[in-house]
1. Step through the table entries 31/98; 24/77; 24/84; 68/105, compare each Cα-Cα distance with 23 Å, and write down the pairs that go over it.
2. What does the net charge come to around residue 91 if you take all other residues with beta carbon closer than 12 Å to its beta carbon, with K and R at +1 and D and E at -1?
3. Can you pull the Kirkwood radius for the range 18-97, inverse mean 1/r over Cα pairs, to one decimal in Å?
4. Could you pull out the GluC sites (Glu not before Pro) across the range 18-112 that fall in loop regions by DSSP (anything but H, G, I, E, B) with no more than 12 other Cβ atoms inside 10 Å?
Amino acid sequence: MKKLIFFFVLISLFSCGDYIDKPKNLVPQDKMAEIMSDLAINDQAVYMYPNSNLEAGTRYVLQIHNVKSADYTESFKYYVVKEKMNGIVEDAQEILLKKDPKAEKYIKDKLSKTVNPENLPLLSR
């Protein structure tokens with residue numbers, strides 16, 4: 001019986017720990033938002049120009065911000081697990097809107113068209 005109680009106490013102590021440890025080279029949240037906004041621009045450039053190289057553009061964006069790809073990936077995982085990614089993505093969207101003010105009108109138009117249930121595809125209703 002004592003072993004069973006000890007076992008449950010031991011499990012409860014270890015269950016209080018974090019699922020993920022803080023990365024050694026954690027990218028700050030504001031820098032992460034800047035990187036994500038630049039990666040979104042890079043993604044759209046590849047969409048517009050299919051012959052361009054997404055991987056080279058991604059490496060270039062990380063190089064501009066002096067961040068290694070492993071550090072970015074580990075920071076991304078950390079922020080997702082800690083549920084901070086939504087705030088970072090919102091900051092990245094604000095950065096994108098500052099870079100291109102016309103985008104705000106475009107986004108509002110797209111959202112107003114998709115909010116109406118009649119504009120949704122049949123399977124989404």
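Every number here is computed from the coordinates shown, using simple stated rules; none is lab data. Just so it is clear, the structure is predicted and the values come from calculations on it, not from any experiment. No Cβ is skipped: glycine too gets one built from the backbone with ideal geometry, and neighbour counts run over all protein chains shown.
1. Numbers: 31/98 16 Å; 24/77 13 Å; 24/84 18 Å; 68/105 35 Å.
The answer is 68/105.
2. Working: positive: 31, 84, 98; negative: 30, 34, 90, 94.
Net of charged neighbours comes to -1.
3. On the way: mean 1/r = 0.0760 Å⁻¹.
Taking the inverse mean of 1/r over all distinct Cα pairs, the range 18-97 comes out at 13.2 Å.
4. Values: sites: 34, 55, 74, 83, 90, 94, 104; in loops: 83.
Filter output for the range 18-112: 83.
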